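Student: Would you mind keeping the following structure in view while I ask a few things?
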Amino acid sequence: MVNIKDFAFTPSTLTVSPGATIVVHNEDVATHTLTSTTGAFNTGDISPGSSKTFVAPKTPGTYPYICEIHQFMHGTLIVR
Ligand SMILES: [Cu+2]
């Protein structure tokens, strides 16, 4: 699970198994997304107080992601 609060992803680096389903919860007052910088996954808009899920890639690797709306928000998904 990834939590979003105060315009930051927690944890900022998450390690998961290939194909894992990941819940992203937005605790902030603003809408956010969790979006791969290479197009590997994207939650779309997550409204304040709500959650979305996405499926991790099946290929092991390191996948940086951002919030599309606030592109200074960074995180990393490690699949292995
Ligand atoms: Cu955002």
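Student: Under 7 Å between Cβ atoms, which residue pairs at least 6 apart in sequence (or on different chains) link something in segment 65-77 that is more than 15 Å from Asn3 (Cα to Cα) with a partner that is among the β-branched types (Val, Ile, Thr) and crowded, with 18+ Cβ neighbours inside 10 Å?
Tutor: As it stands, the answer is Glu68/Thr33; Glu68/Thr35; Ile69/Thr33, since those pairs meet every condition given.
Student: Determine whether Thr59 is more than 12 Å from the ligand (Cβ to nearest atom) and of a type in the set (Ser, Thr, Tyr). Lay out the reasoning, then the answer.
Tutor: Numbers: more than 12 Å from the ligand (Cβ to nearest atom): yes; of a type in the set (Ser, Thr, Tyr): yes.
Taking the combined requirement at face value, the residue satisfies it.
Student: Shifting gears a bit: Quick one: Thr38 ticks every box in (1) open to solvent by 20 Å² or more (accessible area, probe 1.4 Å); (2) in contact with a Pro (Cβ under 9 Å, 6 or more places away or on another chain); (3) more than 15 Å from Tyr65 (Cβ to Cβ) except a single one, so which number is it?
Tutor: If we test Thr38 against (1) open to solvent by 20 Å² or more (accessible area, probe 1.4 Å); (2) in contact with a Pro (Cβ under 9 Å, 6 or more places away or on another chain); (3) more than 15 Å from Tyr65 (Cβ to Cβ), just (3) comes out false.
Student: Return the residues of segment 65-80 that are in a strand (DSSP E or B) and either open to solvent by 80 Å² or more (accessible area, probe 1.4 Å) or within 15 Å of the ligand (Cβ to nearest atom) (or both); say none if nothing qualifies.
Tutor: Once the filter is applied, which keeps residues that are in a strand (DSSP E or B) and either open to solvent by 80 Å² or more (accessible area, probe 1.4 Å) or within 15 Å of the ligand (Cβ to nearest atom) (or both), segment 65-80 yields Tyr65, Ile66, His74, Gly75.
Student: Just checking, how many residues over segment 19-35 are in a loop (DSSP other than H, G, I, E, B) and open to solvent by less than 60 Å² (accessible area, probe 1.4 Å)?
Tutor: Of the residues in segment 19-35, 7 are in a loop (DSSP other than H, G, I, E, B) and open to solvent by less than 60 Å² (accessible area, probe 1.4 Å).
Student: Can you name the condition, by its number, that Thr53 falls short on among (1) open to solvent by 40 Å² or more (accessible area, probe 1.4 Å); (2) touching a strand residue (DSSP E or B) at 6+ places or on another chain (Cβ under 7 Å); (3) assigned to a loop (DSSP other than H, G, I, E, B); (4) more than 15 Å from the ligand (Cβ to nearest atom)?
Tutor: Answer for Thr53: the failing condition is (3).
Student: Further, regarding this structure: Could you check Pro48 against (1) in a strand (DSSP E or B); (2) open to solvent by 30 Å² or more (accessible area, probe 1.4 Å) and say which number it fails?
Tutor: (1)
The values are calculated or read from the model by the stated rules, or taken from the named source; none is laboratory data. Note that this is a predicted model, so its numbers are computed, not measured. Note that each Cβ is placed from the backbone with ideal geometry, even for glycine, and that neighbours are counted across all protein chains shown. Just so you know, the surface numbers come from the protein's heavy atoms only, side chains and all, with ligands and any DNA or RNA stripped out. Shrake-Rupley method; radii C 1.70, N 1.55, O 1.52, S 1.80 Å.
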